[in-house]
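I have placed the structure first, in the form of structure tokens, so that the comments after it can refer back to it.
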Amino acid sequence: MIRIVRRTIMAVLVLIGVAMLGFRIWVGALNPPLGGREAIPGLGDSVAVLWDSLAVPHVIARSDSDLFAAIGYLHARDRMWEMDLLRHVAEGRLSELFGPRAIDADRSLRGREIGRVALGSERVLGAVSRAATLAYARGVNAWLATGRRAVEFRILGHTPEPWRPEQSIEIALLEAWELHSDNGEIAHARAVLALGDVKAADLFVPYPDAAPVILEHTAGRGPAAWRSSSSDAEATASNSWAFGPAHTRSGRPILENDPHLELRAPSIWYLVGAHAPGYEVVGVTIPGLPPVVLGHTASHGWGFTNGMIDDVDYVQERISTDTARYLTPAGWASVEVVVESLRVKGRDLVVYRRHRTANGPLVDVGWRPDSQTAYALRWTAQQPSDGLAALIGMARAANHREFESALETFRAPEQNVVYADTGGTIAYSLAGFVPVRRAGDGSRPEPGWSTGGGWARTLTAAQLPRVVNPPSGYIVTANNRIVGDAFPTPIRADYDLPYRAERIWEMVRRDTAATAAMVAREQVDEVSVFLRRIAPIAADALEAGSHPALAEQVRHWNGAMAADRTEPTLVWSWYRELQALTYDDESPDFRPSGPLHRWILAGESPWFDDQRTPAHEDLAALARRAMDSVLARGAPRRWGEVHSHTQHHPLGAIPVLGWLAGFNVGPLRLGGGNQTVNVCPGSEFAPPYHCTEGPSMRHVVDFGDVDGTGGFILPTGQSGNPQSRHYRDQTARWVRGDLWIVPVDVTRVRATDTLVLAPSH
């Protein structure tokens, strides 16, 4: 009897195993082959696609139109699910895919009016951008016409509709929204309401006096606004720096860039080599957009970091009791009503109304001081513009002057742009539309009924900060303060904590003969300047708690948040506990990191006194309480054991199926942290500190040997098919910090397959 049961169990297990294997083989079979010959309607001539061993395509075309059509075809071939999901997000149509659970999300997304702005921008596109979006859409639709659908479409029972040219603009606007900054307006207003103006002022501190400023010659030391995020993990960050020729072994500039964005599967980026007359560039594209966004040509390259510009204001509107009118400086005006229809999977059509004023759409910010208050969203990207022309023009530029000219149409998101070329030039520009306010500093919502509110203008390109070949021979940007008080025009920004910039400066100043390999190693540097500075205070708390061995260990720690070390776990956990103890008695819903850092390093603040206890606490007392609490949870574990990261796919959470398909990439045990160059922030206030963002790609180019050193790397891979070998084949390299050369010279491409895209007649 037992033997029969065992045989039955084994048979069932075998059948389950076979079914699992069969499912994965089926998913893998949906991945199209790299080689062959395929037809695209509307091509003027054949296009050759050379694939390397990481499935990076080099697209060789005889015209821009054919090039962008081919890129559209390849994006759809490898990432159509991702593209389709992004346009559903941008248009507020997630309910079509996921049913009623997404209705609230759709209503919020439509409030941003990305679709409306995209249609307006599509009408003002120049000839180059218009041709690019039309060609790109033609390529995407050529793939869709084949009828081949990714596994995600099959799981959801969804067939994607044809791609429209304006949807490329929607994707660009969606990415711009992800990088917007509102300078913590609502948090500021809440803090003032709860604490009063005087007490709340403690939470919005000046930018640190000694912190690095991007433009050295304007490094004033005044009280520039620096309103830190509510936690160390919330701000999206990036690094980019350049070495002038005097500081490199090759005698030519070296450029570095690693934008810190959401880490997801598949990756945000898609590597491409784009080759057409007048447009020879390698770099990363965003599936949904035709041109290369970040990369280099044979003669020049560029990198982006978020300028952290305050480009969003929430305008406080006074609404009549019947909600039909709002108060303006000229009196009452009618609220505009917009009727929206949501197609909901498995349900009837949902019709609702949203509202807007002349200041923008009324949005839900989760806070109303009274029933007659609403908030209108004003964003620099709401005005139509032609940002695609900037991206295409940047790659086509023959010199720095032409590159700067191309940037003039770049509207949002406002970016720090670092440039380098073979001629020896390194340069910095702030690109985008920076608002100048009539009144206030954008730190809290201004009343829409006041004549002093609103934006007077935006800065012209000539008024934006820029520098060419600075005296130091270096340019460093890490979302830190751009200019000092000497700069003649006001720039309001939500600058990030300065520690990454400080660490980069530490490294570059010691590099007297930098190489691309050295810079690649610096990209994965894990030293936290902040934790290194506060470690002695943590050590004092350990000594006071009778832990001399741990105290000695922490006191000699250099701040390196390596995965195999226990010090990062101990000190970071202690800091998080100290943060809670400092704020939760007076400001439990708003825990800004900037002021706390200042208070810890200064050694004193009235905020260290816990108002819930009769005793008067200082930093030493609170630090010991925080350390005792941490140690009570057990001995510190290695950082990599608690600081994990999984690159999640939207369908990866589906029970069994998500695991079976292999949608998610990870978990990965990573080093780094919230303020390290190799950033990997955790959003938790307690272990396990799961990493949520990080280097979305890495790029290094030495203009002494453009195709022989440096390179790119992605966190996952090129393919969107979870059973493709190219879905995660860059992950191990990304973790190690290894780069992959994508040559501009097509004769140096080590092709493993060739795809020919031919005109369809």
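The values are calculated or read from the model by the stated rules, or taken from the named source; none is laboratory data. Only a predicted model underlies this, so the values are computations on that prediction, with no experimental measurement involved. Every residue, glycine among them, receives a Cβ derived from its backbone with ideal geometry; neighbour counts consider all protein chains shown.
What's the number of the condition residue 533 fails, among (1) of a type in the set (D, E, K, R); (2) farther than 17 Å from residue 625 by Cβ; (3) at pLDDT below 95? Condition (3) is where residue 533 drops out.
Scanning the stretch 294-331 for residues that are assigned to a loop (DSSP other than H, G, I, E, B), surrounded by fewer than 22 Cβ atoms within 10 Å (Cβ to Cβ) and either at pLDDT 95 or above or among the hydroxyl-bearing types (Ser, Thr, Tyr) (or both) returns 298, 299, 320, 321, 323. Within the stretch 160-191, being assigned to a loop (DSSP other than H, G, I, E, B) and at pLDDT 95 or above holds for 160, 161, 162, 163, 164, 165.
Within the stretch 712-727, does at least one residue satisfy the condition of being among the aliphatic types (A, V, I, L, M) and in contact (Cβ under 8 Å) with a residue 12 or more places away in the chain? Within the stretch 712-727, one or more residues are among the aliphatic types (A, V, I, L, M) and in contact (Cβ under 8 Å) with a residue 12 or more places away in the chain. I'd like to know if the stretch 195-208 contains one or more residues that are at pLDDT 85 or above and within 30 Å of residue 514 (Cβ to Cβ). Scanning the stretch 195-208, I find no residue that is at pLDDT 85 or above and within 30 Å of residue 514 (Cβ to Cβ), so the answer is no. Consider the stretch 370-380 and keep the residues that are over 26 Å from residue 433 (Cα atoms) and out of contact with any Lys or Arg (no Cβ under 9 Å at 6 or more places or on another chain). The one that is surrounded by the fewest Cβ atoms within 10 Å (Cβ to Cβ) is 370.
Of all residues in the stretch 703-741, those satisfying the criterion of being of a type in the set (S, T, N, Q), more than 14 Å from residue 519 (Cα to Cα) and in a loop (DSSP other than H, G, I, E, B) are 716, 718, 719, 721, 723, 724, 730.
Applying a threshold of 8 Å to beta carbon distances and a minimum spacing of six or more residues, or different chains, the list of pairs starting in the stretch 341-368 at a residue that is without any contact (Cβ under 8 Å) to a residue 60 or more places away in the chain and ending at one that is hydroxyl-bearing (Ser, Thr, Tyr) and surrounded by 13 or more Cβ atoms within 10 Å (Cβ to Cβ) reads 355/323; 358/328. I'd like to check something: does the stretch 742-750 contain any residue that is in a loop (DSSP other than H, G, I, E, B) and surrounded by fewer than 17 Cβ atoms within 10 Å (Cβ to Cβ)? Yes, that holds for at least one residue.
When restricted to residues that are surrounded by fewer than 23 Cβ atoms within 10 Å (Cβ to Cβ) and touching a helix residue (DSSP H, G or I) at 6+ places or on another chain (Cβ under 6 Å), the stretch 721-736 contains 1.
Considering the stretch 38-117, the qualifying helices (runs of 4 or more DSSP H), each wholly inside and each with 1 or more residues that are under 24 Å from residue 148 (Cα atoms), run over 64-91, 95-98. For the stretch 400-416, filtering for residues that are in a strand (DSSP E or B) and out of contact with any Phe, Trp or Tyr (no Cβ under 6 Å at 6 or more places or on another chain) leaves 1. Each residue in the stretch 267-293 was checked for being assigned to a loop (DSSP other than H, G, I, E, B) and either buried (at least 23 other Cβ atoms within 10 Å of the Cβ) or touching a strand residue (DSSP E or B) at 6+ places or on another chain (Cβ under 9 Å) (or both), and 11 pass.
As for the stretch 236-251, it holds at least one residue that is at pLDDT below 85 and either of a type in the set (Ser, Thr, Tyr) or closer than 19 Å to residue 471 by Cα (or both).
Considering the stretch 142-200, the residues that are acidic (Asp, Glu) and within 25 Å of the chain's Cα centre (by Cα) include one that is surrounded by the most Cβ atoms within 10 Å (Cβ to Cβ), namely 185.
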